[in-house]
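J.: Here it is: the structure, laid out below.
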């Protein structure tokens, strides 16, 4: 029952595409991450994924369309749906997903796959 200062937590992040856990609830993790550039195409077979833009703008690309999000907007990507995220300028994003969900889903990438469960 502690206060989490998201502005402070984002200030501590110094890398892109490496989500960090800031809270846990009901077998879910609240993660923060900075986006810049394009992420690999992937899907999560067993997990829905919620993206909430805290600062900046990003897009979620699907094979059939693109969703543009700006600060204060959310999008839920249903489990099994192939997608990739991208940001033309640095964006700060909050993720909600089941604990232990690999950020690259079904893909293991030497650059983009981040360790799971890392807390900030």
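Computed from the coordinates by the stated procedures, all read-outs in this text should not be read as laboratory data. Just so it is clear, the structure is predicted and the values come from calculations on it, not from any experiment. For neighbour counting, all protein chains shown are included, and Cβ atoms are generated from backbone atoms with ideal geometry for every residue, glycine included.
J.: Just one of 54, 17 is part of a strand (DSSP E or B), touching a residue at least 24 places away in the same chain (Cβ under 8 Å) and under 28 Å from residue 110 (Cβ atoms); which is it?
T.: The match here is 54.
J.: Quick one: which of 49, 97 is free of Cβ contacts under 8 Å to residues at least 60 places away in the same chain and closer than 21 Å to residue 119 by Cα?
T.: 49
J.: Right, here's the next one. Does the stretch 31-50 hold any residues that are outside any loop (DSSP other than H, G, I, E, B) and either out of contact with any strand residue (DSSP E or B) (no Cβ under 8 Å at 6 or more places or on another chain) or surrounded by 18 or more Cβ atoms within 10 Å (Cβ to Cβ) (or both), and which are they?
T.: 31, 32, 33, 34, 35, 42, 49 - these are the residues of the stretch 31-50 that are outside any loop (DSSP other than H, G, I, E, B) and either out of contact with any strand residue (DSSP E or B) (no Cβ under 8 Å at 6 or more places or on another chain) or surrounded by 18 or more Cβ atoms within 10 Å (Cβ to Cβ) (or both).
J.: Moving on to the next point. Which members of the stretch 30-66 meet the condition of being more than 11 Å from the chain's Cα centre (by Cα) and closer than 17 Å to residue 101 by Cβ?
T.: Once the filter is applied, which keeps residues that are more than 11 Å from the chain's Cα centre (by Cα) and closer than 17 Å to residue 101 by Cβ, the stretch 30-66 yields 40, 41, 42, 43, 44, 45, 46, 47, 48.
J.: Which condition does residue 88 not pass, out of (1) surrounded by 13 or more Cβ atoms within 10 Å (Cβ to Cβ); (2) touching a strand residue (DSSP E or B) at 6+ places or on another chain (Cβ under 6 Å); (3) not in a loop (DSSP other than H, G, I, E, B), if it passes all the others?
T.: So the condition that residue 88 fails would be (2).
J.: Just to be sure I understand, how many residues within the stretch 51-67 are farther than 15 Å from residue 39 by Cα and surrounded by 11 or more Cβ atoms within 10 Å (Cβ to Cβ)?
T.: 5
J.: If you don't mind, there's one more thing I want to ask. Here are some conditions: (1) in contact with a helix residue (DSSP H, G or I) (Cβ under 6 Å, 6 or more places away or on another chain); (2) more than 23 Å from residue 4 (Cβ to Cβ). Residue 92 meets all but one. Which one does it not meet?
T.: (2)
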